[in-house]
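Here the structure is laid out as structure tokens; the discussion comes afterwards.
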There are 2 protein chains.
Amino acid sequence: MQFDRHLMIGGAAVLAMAFAASPANSAAGNASHDKVVAAIKADQDAAIERLRAWIALPTIANMGINTPQGAEYMRQLALDAGFQQAKVVASGGVPGVFATLDAGAKHTLAIYFMYDVKHYDPTEWSSPPLEGKIVERPGEGQALVGRGAVNQKGPQMAFLTALHAFKDAGVKLPVNLVLVAEGEEEIGSTNFPTLLADPEIKAALQRSVGVMMPSTGQSRDGSVSLDLGAKGVIEIQLVSSGDKWGRGPAKDIHSSLMARVDSPAWHLVKALDTLVADDGFTPTVDGWFENVRPLTPREKELLAASLPKDEEAVKKVLGVRRWIQDEDFLTSTYRLASQPTVNIQGLVSGYLGPGGKTVLPGRAEAKLDFRLVPDMTKAEAVEKLKAHLAKRGFGDIEVIVSGGYSPTESPEDSMVVQAGAATLKKAGIEYSLFPRRAGSWPGVVFTGPPLKMAAGHFGVGRGGGAHAPDEWLLVESSDPRVAGYAQQAEAFVDYLYEIAREAKTSR
Amino acid sequence: MQFDRHLMIGGAAVLAMAFAASPANSAAGNASHDKVVAAIKADQDAAIERLRAWIALPTIANMGINTPQGAEYMRQLALDAGFQQAKVVASGGVPGVFATLDAGAKHTLAIYFMYDVKHYDPTEWSSPPLEGKIVERPGEGQALVGRGAVNQKGPQMAFLTALHAFKDAGVKLPVNLVLVAEGEEEIGSTNFPTLLADPEIKAALQRSVGVMMPSTGQSRDGSVSLDLGAKGVIEIQLVSSGDKWGRGPAKDIHSSLMARVDSPAWHLVKALDTLVADDGFTPTVDGWFENVRPLTPREKELLAASLPKDEEAVKKVLGVRRWIQDEDFLTSTYRLASQPTVNIQGLVSGYLGPGGKTVLPGRAEAKLDFRLVPDMTKAEAVEKLKAHLAKRGFGDIEVIVSGGYSPTESPEDSMVVQAGAATLKKAGIEYSLFPRRAGSWPGVVFTGPPLKMAAGHFGVGRGGGAHAPDEWLLVESSDPRVAGYAQQAEAFVDYLYEIAREAKTSR
């Protein structure tokens, strides 16, 4: 994921029942289902080896590493899992993969995969990032360590393991599948909309009841949060320079000249100052709130229901003593879900070392991100920001949009959400519906125009360290509330049956 | 010098007469003077060797290199040059040196030396920084390259060479001398006031007619600018942090949390915004202009007289297209000399690399310098800044004062200025009186309380590269308008005679 969706903000209550022990775990409650589950168990060791082999071939988009190889590998993984056709598709950037599995079912589910991973520095890892070594995770079980273990090869391989099991057991899938995979998720999915606009792919998606992205969704206590949406984000660098301004110096000059030469750094500070109110957080970009939709009573209800019990623990993890305006936890949670933000990620100008140095810098940069809530859009936000700056005499400041997308949301009653909820409920796993993550993911490529499909993550199991050293995925769980690799695959089997059931009742 | 006084801001007109060829060069116009000049010529090679040997022993205060050795060496140099007593004096930091030369004259001149140098990286130099190699400088002559060549061992050794010549020629000095030398100039002369407060040293200084610091003052065209003063400066780092604020995070956290967690970076931006007006340059710290003294008609006259002819050349060197408010060159020069400034040297917060990174930084720092004009003082400025911030709710922002001092000025009719002017005039060297440098040097240790003495730089000759690789001093000049090493020493001889003459007429 480019942005950390998995940030612990919400949470969930203690499990009602243990996962593995649940008699309701057999979602379909029939012999076919049991045969598939048995096939997963038989395949487990081989499946872990397949995950290891995939991890050993990292595709890193911003470094151009294994881009054609990663696409071809993805294509082969799909074919091996039972997709009847799979092809590499040019996107203008790193290629994508499109595959279909026709099970002769009435309904079709779309699956979204990413085959790229974040870069890594082996010297920071305690075991080699491409080896997928199994290590003991005290109190939790056995974990596989490797780049992509949780983000996103691990859960995706667990989904493919579910498909292998159907094949091995000779059981027909309850739904047809359409797979779209990209190799640029970690650099902002820039070319993914182009890929989705391919007529054949678009038509296949439009036949589908929704889009599911396999994920590893359990917290330490076993609970799962099913997200109904996430804020959008734009990442922007504002650059003030003597060159572009036509005032101030072209390079760093002696600081005494501040008495006669304009300062690009002050120019930037004055521009920044207009973007938020004096409270230090309320955005003041012209028209910023025009399309901000307030939380509905239902969204507030869901937020209240998923409020973590231990506010102090949440604060402690973040190193925060007070929320904005000293608000109580629930009010602050409403703010978190409902408010657009203008954040300073970084400030860079002139001398950066210890102490001081007598220069007047020729350039100053502010790195910002703007989180967007429905019904704001990325295009609208960029345009408003530019107009706001230009109107106030800051039109010379470069607005470099380095990434981003609009907010995403899927209805609570959509099939992908309801199937996920039903699967968890039957497995006795505590879950909550979370209206909107404050972090971001590019779900809008599906939920926004032109597709306007419901899209969401689903998955049990547990992992961590996305984008960090020692990324891990739990493969054997010693905690009955938490799924290991085989149960992760089982949950996907159940999910497919639930999708078929939901589709039948609602169409 | 800690701050670059030598910054080319002013300039001077073409020389009226060539230096070396001037018949008026013999300032005293008597046989004794001629004997001293002859002794300089005879000593020249040995003098250059003495400079080389001094350069070979660099004292670097911030690295603790050669601090006692440098002081002892300085003491010995003084004794060798004819000072009858010289001693190393503890200052609380790197020791200083105090020496006296009683010539039985009626008047006493104080001399200020620094024996420390800036650090250096030999790999950046084209000849070894401690060797003092002689290299050809195309169109200018032969230059000695080494750390301290111009800042400040070269001109100081030229002054000592003048004293050697008096001794060698058996000629009595026309004035008594008091020497104060420090070894911490490059780190802000922190302990120098303590040293000057020593009762014996203070008394000796108070007997003196003024303080002269030997320098290398000629531009490429041979002209010299005699400075009457310089702005003061304070270097300050403002640090906003979640820790000190009690709001915001203790460390960098995920940027989505901007919706519920206060931002130390925005806190800093809001604080900075209050320090200058929306024009981006006028200081708005409460009471900042209370003690700002406007330029006098005479100061304006001097600034106009020293205005460089080629404004475009000055702009080109700086990479500047327009002065503040599109002012004409003279108006902008008045502003440069008269206005206090609040400059941003650097901004440092959060993510500093290419593109963006979704963090909300726990810390933000602005590196600032404030240039002060008479009658502002450092203490007043620091106090006003702190009060200003506290009054506006920014009292938590750390104000780290990493260096600085009050402005310095000496009267145009002071002996050190008048003797310098008379020396240059008789040598036929074009010069201008410059009312106030926009850059800074700590002359206030002499010109401010308690001593309140006139103090200024004097010297001919040419050099460059202070604080930079390949620092150089011209030792043989191929341009008749510019002095080499021997003429540099000669000018100091003349200067001492002029001091004696000025002192006689004015006391």
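Working value for the stretch B:357-455: equivalent-ellipsoid semi-axes of 40, 17, 9 Å, each the square root of 5 times a Cα gyration tensor eigenvalue, largest first. Counts of other chain beta carbons within 10 angstrom of each beta carbon in peptide A:281-289 average 1. Plainly put, the tip 7 Å out from Cα toward Cβ on residue B:352 is 0.5 nm from that tip on each other copy, the closest given first.
Please compute, for peptide B:368-379, the average count of beta-carbon atoms on other protein chains lying within 10 Å of each residue's beta-carbon.
Per-residue shielding by partner chains comes out at 2.
Between the beta carbons of residue B:504 and residue B:400, assuming R0 = 41 Å, the FRET efficiency works out to 0.25 to the nearest 0.05. Label-point spacing for residue B:375 across the identical copies (point 7 Å from Cα in the Cβ direction), in nm and ascending order: 6.6. The Cα center of the stretch B:280-347 and the Cα center of the stretch A:296-370 differ in position by 40 Å. Geometric descriptor of the protein assembly as shown, per residue, is 177 Å³ (volume of the convex hull of the Cα atoms). Angle check, please: helix A:329-338 long axis (alpha carbons) against the longest principal axis of chain A (alpha carbons), in degrees 0 to 90, nearest 10. Tilt relative to chain A: about 80 degrees. Summed over the residues of chain A and divided among them, the accessible surface reaches 35 Å² per residue at a probe radius of 1.4 Å. Rounded, prolate or oblate: which fits the stretch A:442-507, taking a ≥ b ≥ c as square roots of the Cα gyration tensor eigenvalues, rounded meaning a/c under 1.5, else prolate when a/b beats b/c? Verdict is oblate for the stretch A:442-507. For a paramagnetic label modelled on residue B:207 (point 7 Å from Cα along Cα→Cβ), amide N atoms under 14 Å away belong, within the stretch B:154-187, to B:175-180. In this structure, the pairs whose alpha-carbon distance is over 24 Å, taken from A:391/B:270; A:452/B:357; A:41/A:153; B:316/B:426; A:251/B:367, are A:452/B:357; B:316/B:426.
In sequence order, the stretch A:424-436 has phi-based couplings of 5, 4, 5, 7, x, 9, 4, 9, 9, 8, 10, x, 7 Hz under the Karplus curve 6.51 cos²θ - 1.76 cosθ + 1.60, θ = phi - 60°, and Gly or Pro positions carry x. Taking Cα centre as origin and charging only the Cβ of basic (Lys, Arg, +1) and acidic (Asp, Glu, -1) residues, the dipole magnitude of the stretch B:44-198 rounds to 380 debye.
Our coupling estimate for the stretch A:125-139, obtained by passing each phi through the Karplus curve with A = 6.51, B = -1.76, C = 1.60 and θ = phi - 60°, is 9, 8, 9, x, x, 9, 8, x, 5, 8, 10, 6, 10, x, x Hz, Gly and Pro reported as x.
Share of carbon and sulfur in the accessible area of the stretch A:330-450 stands at 55%, probe radius 1.4 Å.
Only protein heavy atoms count here; under a 1.4 Å probe, residue B:251 has an accessible surface of about 100 Å². Per-residue shielding of A:299-309, expressed as the average number of other chain Cβ atoms within 10 Å of the residue Cβ, stands at 0.
Pairing chains B and A buries close to 6600 square angstrom of accessible surface in total, based on protein heavy atoms and a 1.4 angstrom probe.
If you average the sequence gap of Cα pairs under 8 Å that are 6 or more apart and divide by the length of chain B, what percent do you get for the contact order? The partial results should precede the final answer.
Details: 1124 pairs, mean separation 138.5, N = 507.
In percent, rounded to a whole number, it is 27.
When residue B:49 is represented by a point 7 angstrom out along its Cα-to-C-beta vector, the spacings to that point in the other copies are 8.3 nm, nearest first.
What is the gain in length, in nm to one decimal, between residue B:106 and residue B:35 on full extension, counting 0.36 nm per residue of separation less the C-alpha to C-alpha distance? Don't jump to the answer; show the numbers that get you there.
Working: separation 71, 0.36 × 71 = 25.56 nm, distance 2.21 nm.
Once the chain is fully extended between residue B:106 and residue B:35, it gains 23.4 nm.
Which value, to two decimals, describes the C-alpha radius of gyration of the stretch A:396-439 once divided by 2.2 N^0.38 Å?
Details: Rg = 17.3 Å, N = 44, 2.2 N^0.38 = 9.3 Å.
So the Cα radius of gyration is 1.86 times the expected 2.2 N^0.38 Å.
With point charges of +1 on the Cβ of Lys and Arg and -1 on the Cβ of Asp and Glu, referenced to the Cα centre of chain A, which listed residue (A:142, A:349, A:209) lies farthest in the positive direction of the dipole? Farthest towards the positive pole: A:209. Around the Cα centre of chain A, unit charges on the Cβ atoms of Lys, Arg, Asp and Glu (plus for the first two, minus for the last two) sum to a dipole of about 540 debye. Coordinate range of the alpha-carbon atoms in the stretch A:306-423 per principal axis, descending: 63, 36, 26 Å.
If the convex hull of the alpha-carbon atoms of chain B is projected onto planes in all directions, what is the mean projected area in square nanometres? All intermediate terms of the calculation are to be shown ahead of the outcome.
Numbers: hull surface 100.0 nm².
Orientation-averaged projected area of the Cα hull: 25.0 nm².
Between the stretch A:44-89 and the stretch B:108-163, how many Å separate their Cα centres? Result: 66 Å between the Cα centres.
Distances between placed amide hydrogens fall under 5 Å for residue A:253 paired with A:360, A:362, all partners being 5 or more residues away or on another chain. Along the charge dipole of the stretch B:373-482, which of B:432, B:444, B:381 sits closest to the positive end, that is, farthest toward it, with unit charges on the beta carbon of Lys, Arg, Asp and Glu (+1, +1, -1, -1)? Going by the charge dipole, the pick is B:381. Treating only the Cβ atoms of Lys and Arg (+1) and Asp and Glu (-1) as charged, compute the dipole magnitude of the protein assembly as shown about its Cα centre; round to the nearest 20 debye. Dipole magnitude for the protein assembly as shown comes out near 800 debye.
Placing a pseudo-label 7 Å from each Cα along the Cα-to-Cβ vector at residue A:296 and residue B:244 gives an inter-label distance of 4.7 nm. Multiplying the residue separation of residue A:312 and residue A:200 by 0.36 nm and removing their Cα-Cα distance gives an extension gain of 35.2 nm.
The values are calculated or read from the model by the stated rules, or taken from the named source; none is laboratory data. Note that the structure is a prediction, hence the values are computed from the model and not measured. Positions of Cβ are generated from backbone atoms using ideal geometry, with glycine treated the same way; all protein chains shown enter the neighbour counts. To get the accessible areas, we keep the full protein, side chains included, count just its heavy atoms, and leave off ligands, DNA and RNA. Shrake-Rupley method; radii C 1.70, N 1.55, O 1.52, S 1.80 Å.
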